[in-house]
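J.: Have a look at this one before I ask anything.
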Amino acid sequence: MNYRFGLIGYPIQHSLSPWIHKRFMEKTRSNGSYEKVEILPTEPFEDKLIQLKKERLDGFNVTVPYKQAIIPFLDEIDPTAWTIGAVNTVVNIDGKWKGYNTDGIGYVRSLQSKYPEWFAKAKKRALILGAGGAARGIFVALKHAGFAKIDIANRTLQNADSIIEISPQNAAALTYSDAKEKLQEYDVLIQTTSVGMKPSIEQSIIDLKDLHSVIASDIVYQPIKTTFLQQAEDNGLSIHYGHTMLLYQAQYAFEIWTGIKPSVIGMDEELQRILEGR
């Protein structure tokens, strides 16, 4: 079979998705293409989607700013994506579009791959820093993975509360100052905001000084090692890089499209070299 995949969003010229999915096709010995379809915010979105449907892609990814805008144009939506309220992956099933969200599951897979023995423990406790779209997807996926406690810290408690409402048992909304006093109560801290992303690489969402025995995870991958992760490493904490989430959410998307789960062995190092310009 000769697959046709793609990506819609804006801007997407520097997206790494084409490289990732072409590597997946190589690894699975699949034939196909992955094309970028940039849709300007000034363009009529519905008209562009009508044209895209005529292209008969087997599947496509959706990135900002269209993860919510795509939903009314889908024929079906996966329950998890509906709960999250955003779609980043669409599969073509006999001419019908079905939407999924692979971000949260991709994050959980990447964390489980990095720390399998820890992940197998019974009562895992997480603190999510930030309450945006990424936090929402990760919260839902952690709940499905059976985490015993998942709190969310955010500047605006209302935003954190809106996520916790999805599954309020054993979850609480905290201010950052309150969270700072409780960091040792968690097994993993998950930084989901854009704080520390290039060009403001010196910033960190929270101070990790004097913290011990916690995994520090950051979904930012530019730079690979954020100030948040550097401070964690300096304190002897275990760390988890954001670019691995990118790989595993793409792995799940490829699996949805083809029914094949491609190996990501070696790709985290390859992707890191690309991101670091090596």
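J.: Looking at this structure, is Phe228 closer than 21 Å to Pro199 by Cα, open to solvent by less than 30 Å² (accessible area, probe 1.4 Å), hydrophobic (A, V, I, L, M, F, W, C) and part of a helix (DSSP H, G or I)? Lay out the reasoning, then the answer.
T.: Details: closer than 21 Å to Pro199 by Cα: yes; open to solvent by less than 30 Å² (accessible area, probe 1.4 Å): yes; hydrophobic (A, V, I, L, M, F, W, C): yes; part of a helix (DSSP H, G or I): yes.
The answer is yes for Phe228.
J.: If I ask for residues that are farther than 18 Å from Ser15 by Cβ and among the small types (Gly, Ala, Ser), which ones from segment 70-105 would you list?
T.: Within segment 70-105, Ala81, Gly85, Gly95, Gly99, Gly104 qualify.
J.: Also: Going by the conditions given, is Gln272 surrounded by fewer than 17 Cβ atoms within 10 Å (Cβ to Cβ) and not in a loop (DSSP other than H, G, I, E, B)?
T.: Yes, satisfied.
J.: Of all residues in segment 1-24, which are in contact (Cβ under 8 Å) with a residue 60 or more places away in the chain and part of a loop (DSSP other than H, G, I, E, B)?
T.: Within segment 1-24, Leu16 is the sole residue that qualifies.
J.: Shifting gears a bit: I need the full set of residues from segment 148-165 which are open to solvent by less than 60 Å² (accessible area, probe 1.4 Å) and either at pLDDT below 95 or of a type in the set (Val, Ile, Thr) (or both), in order please.
T.: Ile150, Ile152, Ile163, Ile164
J.: Tell me, which residue of segment 186-221 that is modelled with pLDDT under 85 and among the charged types (D, E, K, R) is nearest to the chain's Cα centre (by Cα)?
T.: It comes out as Lys209.
J.: Tell me, which residue of segment 196-212 that is touching a strand residue (DSSP E or B) at 6+ places or on another chain (Cβ under 9 Å) and free of Cβ contacts under 8 Å to residues at least 40 places away in the same chain is nearest to Pro223 (Cα to Cα)?
T.: Here is the first cut: in segment 196-212, the ones touching a strand residue (DSSP E or B) at 6+ places or on another chain (Cβ under 9 Å) are 196, 204-206, 208, 211.
Imposing the further condition that a residue be free of Cβ contacts under 8 Å to residues at least 40 places away in the same chain reduces the set to 196, 204, 208, 211.
Details: Gly196: 8, Ser204: 12, Leu208: 19, Leu211: 23 Å.
Taking the candidates together, the pick is Gly196.
J.: Which of the numbered conditions does Trp97 fail, given that it passes all the others? Conditions: (1) in contact (Cβ under 8 Å) with a residue 24 or more places away in the chain; (2) open to solvent by 30 Å² or more (accessible area, probe 1.4 Å); (3) under 30 Å from Arg56 (Cβ atoms); (4) among the aromatic types (Phe, Trp, Tyr).
T.: Of the numbered conditions (1) in contact (Cβ under 8 Å) with a residue 24 or more places away in the chain; (2) open to solvent by 30 Å² or more (accessible area, probe 1.4 Å); (3) under 30 Å from Arg56 (Cβ atoms); (4) among the aromatic types (Phe, Trp, Tyr), the odd one out for Trp97 is (2).
J.: Of the residues in segment 168-182, how many are small (Gly, Ala, Ser) and open to solvent by 40 Å² or more (accessible area, probe 1.4 Å)? Outline the logic, then answer.
T.: First, the residues of segment 168-182 that are small (Gly, Ala, Ser): 171-173, 177, 179.
Narrowing the set further to residues that are open to solvent by 40 Å² or more (accessible area, probe 1.4 Å) leaves 177.
Number of matching residues: 1.
J.: Which ones in segment 183-213 are of a type in the set (A, V, I, L, M, F, W, C), under 21 Å from Ala148 (Cα atoms) and either touching a Lys or Arg at 6+ places or on another chain (Cβ under 7 Å) or buried (at least 21 other Cβ atoms within 10 Å of the Cβ) (or both)?
T.: Within segment 183-213, Val188, Leu189, Ile190 meet the criteria.
For (1) farther than 17 Å from Tyr252 by Cα; (2) surrounded by 14 or more Cβ atoms within 10 Å (Cβ to Cβ); (3) more than 23 Å from the chain's Cα centre (by Cα), each residue gets a yes or a no:
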residue	(1), (2), (3)
Glu35	yes, no, no
Thr63	no, yes, no
Leu74	yes, yes, no
Val90	no, yes, no
Ser113	no, yes, no
Pro116	yes, no, no
Gly130	yes, yes, no
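Matching residues to (1) of a type outside the set (D, E, K, R); (2) in contact with a Leu (Cβ under 8 Å, 6 or more places away or on another chain); (3) within 13 Å of Trp97 (Cα to Cα):
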site	(1), (2), (3)
Phe24	yes, no, no
Gly32	yes, no, no
Lys36	no, yes, no
Leu40	yes, no, no
Glu43	no, no, no
Lys53	no, no, yes
Glu76	no, no, yes
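J.: Are any of the residues in segment 167-183 aliphatic (A, V, I, L, M) and under 18 Å from the mean Cα position of the chain (by Cα)?
T.: Going residue by residue through segment 167-183, those that are aliphatic (A, V, I, L, M) are 171-174, 179, 183.
So of that shortlist, the ones also under 18 Å from the mean Cα position of the chain (by Cα) come out as none.
Checking segment 167-183: not a single residue is aliphatic (A, V, I, L, M) and under 18 Å from the mean Cα position of the chain (by Cα).
Residues are listed down the side, and each one gets a yes or a no for (1) assigned to a loop (DSSP other than H, G, I, E, B); (2) of a type in the set (A, V, I, L, M); (3) surrounded by fewer than 17 Cβ atoms within 10 Å (Cβ to Cβ):
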position: Asp47; (1), (2), (3): no, no, yes
position: Lys53; (1), (2), (3): no, no, yes
position: Arg56; (1), (2), (3): yes, no, yes
position: Lys67; (1), (2), (3): yes, no, no
position: Thr80; (1), (2), (3): no, no, yes
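J.: Which condition does Phe254 not pass, out of (1) closer than 16 Å to Leu271 by Cβ; (2) open to solvent by 10 Å² or more (accessible area, probe 1.4 Å), if it passes all the others?
T.: Failing condition for Phe254: (2).
The values are calculated or read from the model by the stated rules, or taken from the named source; none is laboratory data. Since the structure is predicted, the reported quantities are computational estimates derived from the model, not experimental observations. Note that we place each Cβ from the backbone using ideal geometry, even for glycine, and neighbour counts take in every protein chain shown. When the accessible area is computed, the model is the full protein with side chains, heavy atoms only, and any ligands, DNA or RNA have been set aside. Shrake-Rupley method; radii C 1.70, N 1.55, O 1.52, S 1.80 Å.
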